Amino acid sequence: MPETLHPAHQRVLDAAARKGVTLQVVTFPESTHTAEEAARAVGAELGQIVKSLVFVAPDDDGAAQPIVVLVSGVNRVDVARLAAVAGEPAIRRASAREADELTGFVIGGIPPIGHARSLRVIMDPDLGRFTTVWAAAGTQNAVFEVPPATLRMLANAIVAPIAEDRGEKGTGLADAGASSPAGAPSGA
């Protein structure tokens, strides 16, 4: 008898199928909540892990409008760069509750696709350095592998430089909190 998929995994697979892409969700008994955990679980470089981070910017009525940022597991988001790219000077990191409400997924498992509503997505160009990358599949212990160009297409992502320069120290705030590294993303 075939194993029943978790509803969150099915949402991710259905979103890909609507664009003609077949994905395979890989689940683990251990967490892939952080980028480091995901990289260990799949045997990939940390840079191949897609952290799906949720930011919000106020709309004209002051309501939080989500922006999902897909960033390489080795990078941290430069909020000033992200604000410039998104054209949203008041952008901030979403709380865990906001991320869940706006995407339909909990942090640590937020996928780049299959959200409860249509979202703006901005993708780190560093992900394109790899043949394939691993992204969260909707839960804290599931991921899927995908070529970066396919990920960009599936997520309708804009590719733009949004990461801190590796020499920058940063505050560490951009990648702490509501996040979701790919393949069991979370916020690392």
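May I ask what percent, to the nearest 5, of DSSP beta bridges between residues of the chain are antiparallel?
75 percent
Multiplying the sequence separation of LYS19 and THR150 by 0.36 nm and subtracting their Cα-Cα distance, what value in nm do you get?
My answer for the length gained is 46.2 nm.
I'd like to know which of ALA99, ALA41, PHE130 lies farthest towards the positive end of the charge dipole of the chain, counting +1 on Cβ of Lys and Arg and -1 on Cβ of Asp and Glu.
The residue sitting farthest along the positive end of the dipole is PHE130.
Need one number: nm distance between label points at ALA90 and GLU45, each 7 Å from Cα along Cα→Cβ, rounded to one decimal.
Reported label-point gap for ALA90 and GLU45 is 4.0 nm.
Would you please name the GluC sites (Glu not before Pro) within region 1-103 that are DSSP coil residues with at most 15 other C-beta atoms within 10 Å of their C-beta?
Values: sites: GLU3, GLU30, GLU36, GLU37, GLU45, GLU98, GLU101; in loops: GLU3, GLU30, GLU45.
Listed in order of number, the matching sites are GLU3, GLU30, GLU45.
What are the extents of the Cα atoms of the chain along their three principal axes, in Å, largest first?
52, 38, 27
Find which of PRO112, ALA149, ALA80 sits farthest along the positive direction of the dipole of the chain, computed with +1 on the beta-carbon of Lys and Arg, -1 on that of Asp and Glu, about the Cα centre.
Among PRO112, ALA149, ALA80, the one farthest towards the positive end of the dipole of the chain is ALA149.
Cα centroid distance between region 101-116 and region 4-23, in Å?
Each part's Cα centre sits 13 Å from the other's.
Near the amide H of MET123, under 5 Å away, which other amide H atoms are found, from residues 5 or more places off or on another chain, if H is placed in the peptide plane?
Long-range HN contacts for MET123: LEU70, ILE158, VAL159, ALA160.
What list of ³J(HN,Hα) values in whole Hz, one per residue of region 143-158 in order, does the Karplus curve 6.51 cos²θ - 1.76 cosθ + 1.60 (θ = phi - 60°) give from phi, with Gly and Pro shown as x?
9, 9, 9, 7, x, x, 5, 5, 4, 4, 5, 4, 8, 6, 7, 8
Report, in debye and to the nearest 20, how large the dipole of the chain comes out about its Cα centre when Lys and Arg carry +1 and Asp and Glu carry -1 on their Cβ.
The dipole magnitude comes to about 260 debye.
With a cap of 11 neighbouring Cβ atoms within 10 Å, and only residues DSSP puts in a loop, list the trypsin sites (Lys or Arg not before Pro) found in region 71-174.
Details: sites: ARG76, ARG81, ARG92, ARG93, ARG97, ARG117, ARG120, ARG129, ARG152, ARG166, LYS169; in loops: ARG76, ARG117, ARG166, LYS169.
The qualifying sites are ARG117, ARG166, LYS169.
Every read-out reported here was derived from the displayed coordinates using simple, explicitly stated rules and does not represent laboratory data. All values reported here derive from a predicted model rather than from experimental measurement. So basically every Cβ, Gly included, is an ideal-geometry build from the backbone, and we count neighbours across all protein chains shown.
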